[in-house]
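The values are calculated or read from the model by the stated rules, or taken from the named source; none is laboratory data. On a predicted model such as this, the values are computed, not experimentally measured, just so you know. Note that each Cβ is placed from the backbone with ideal geometry, even for glycine, and that neighbours are counted across all protein chains shown. What goes into the accessible areas is simple: the full protein's heavy atoms, side chains included, and nothing from ligands, DNA or RNA. Shrake-Rupley method; radii C 1.70, N 1.55, O 1.52, S 1.80 Å.
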Amino acid sequence: MQVQELHDFIVDKVDDIKAKDIVTIDVRGKSSITDFMVVCTGTSNRHVASIADHVNKESKLIDIPPFGISGEEDGEWVIVDMGNVMLHIMQEDARNLYQLEKLWG
C-alpha cells in the first residue's frame with residue numbers, strides 16, 4: 001500500500017468511529033520516523049481507546065497491522081504506529097497542551 005493510500009485509509013477509519021478535528025501534518029524532511037502524522041480528538045478515555053482499537057482491527061483485516069500501539073491503558077493520548085503514517089489520538093486537554101500541529105506544522 002502506498003503512503004497516500006495508507007493515510008487515506010487511516011483518516012477514513014478514524015472518521016468511521018467519530019473522531020473529531022482530524023488533521024494531517026506532513027513531516028517529511030522534519031522527521032526520520034514517519035512521513036505523516038494524523039492527529040484527531042476523542043471525547044473520552046473510552047472513545048480514544050476505541051478509535052485506536054478500530055484502526056488496529058481494520059488494518060489487520062487488510063494485512064497491514066500496526067507496528068505498535070502505545071497509551072491505550074490511560075486513554076489520554078494513544079499513538080498507533082503504522083510506519084509511514086503515525087496516528088495520534090488525543091483527548092482535547094492533551095491535544096491543547098501538546099499542540100502537535102504547532103510543534104510540527
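Picking from Asp8, Asp53, which residue would you name as being without any contact (Cβ under 8 Å) to a residue 12 or more places away in the chain and part of a helix (DSSP H, G or I)? Checking each option against the conditions leaves just Asp8. Scanning segment 64-105 for residues that are within 19 Å of Asp16 (Cβ to Cβ) and more than 14 Å from the chain's Cα centre (by Cα) yields a count of 1. Within segment 56-70, the set of residues being small (Gly, Ala, Ser) and either assigned to a strand (DSSP E or B) or at pLDDT below 95 (or both) comprises Gly68, Ser70.
Of all residues in segment 73-83, those satisfying the criterion of being assigned to a loop (DSSP other than H, G, I, E, B) and open to solvent by less than 70 Å² (accessible area, probe 1.4 Å) are Gly75, Glu76, Met82, Gly83. Looking across segment 59-96, just one residue is acidic (Asp, Glu) and touching a Phe, Trp or Tyr at 6+ places or on another chain (Cβ under 8 Å), and that is Asp81.
For segment 19-55, the candidate set comprises residues that are surrounded by fewer than 18 Cβ atoms within 10 Å (Cβ to Cβ), of a type in the set (S, T, N, Q) and under 21 Å from Gln4 (Cβ atoms); within that set, the residue that is modelled with the highest pLDDT is Thr24.
Filtering segment 19-49 to residues that are assigned to a strand (DSSP E or B), closer than 11 Å to Leu87 by Cβ and aliphatic (A, V, I, L, M) leaves Ile22, Met37, Val38, Val39.
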